[in-house]
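Student: This is the structure I have questions about; it appears just below.
The values are calculated or read from the model by the stated rules, or taken from the named source; none is laboratory data. Bear in mind the structure is a predicted one, so any value in this text is a computation, not a measurement. Cβ coordinates were reconstructed from backbone atoms using ideal geometry, including for glycine residues, and neighbour counts include every protein chain displayed.
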Amino acid sequence: MNWGYKILFVYLTFVAGILFLVYKATNESFDLVETNYYEAELKYQNRIDEHNRTGALSEAVKVTVTDHRLQVKFPKDFEGKVISGAALIYYPADARKDVNIPFTVSDGVVVLELPAANRGMHELKLSWKVEQISYYHEEKLFL
């Protein structure tokens, strides 16, 4: 093989490598944390206020995960009151694995079923209302 073929081989290998990188880059999925992030940012002060109200409770929200079940135990401040809200189980790597579960309880304990396919690090974003006052709790979960 003479030097002309070697140059052609190196050039074609380079072009094939660039085309492969372009192909991989166009097929990459980029999920945003929020689809309407600008509106969510404008309302973020409400989230801070809800988080501060949660911190002012007599005890913390207790979250346990066992056998694809998420148990949330609310503080005794809410005994005998109706708690309604939603639990967002956010998976940062793939928006298709996010799970949003609404709930309403009066005994202070919520048990939610988790999909068995979801593995890895998730974030629990728990928001709830009691007597028109809203609260928020966020915690990392390893499923």
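Student: Tell me, which residue of the stretch 90-101 that is aliphatic (A, V, I, L, M) and farther than 13 Å from residue 72 by Cα is surrounded by the fewest Cβ atoms within 10 Å (Cβ to Cβ)?
Tutor: Per the criteria, the residue is 93.
Student: Filter the stretch 47-76 for residues that are in a helix (DSSP H, G or I) and touching a residue at least 12 places away in the same chain (Cβ under 8 Å); which is surrounded by the fewest Cβ atoms within 10 Å (Cβ to Cβ)?
Tutor: Selected residue: 76.
Student: Determine, yes or no, whether residue 132 is touching a Ser or Thr at 6+ places or on another chain (Cβ under 6 Å) and at pLDDT 85 or above.
Tutor: No.
Student: Considering only the stretch 102-117, state which residues are loosely packed, with under 15 Cβ neighbours inside 10 Å and not acidic (Asp, Glu).
Tutor: 102, 104, 106, 109, 111, 115, 116, 117, listed by residue number.
Student: How many residues does the stretch 64-90 contain that are touching a strand residue (DSSP E or B) at 6+ places or on another chain (Cβ under 7 Å) and within 24 Å of residue 134 (Cβ to Cβ)?
Tutor: Final tally of qualifying residues: 17.
Student: Do we have residue 85 as of a type in the set (Gly, Ala, Ser), at pLDDT 90 or above, more than 30 Å from residue 28 (Cβ to Cβ) and surrounded by 11 or more Cβ atoms within 10 Å (Cβ to Cβ) here?
Tutor: yes
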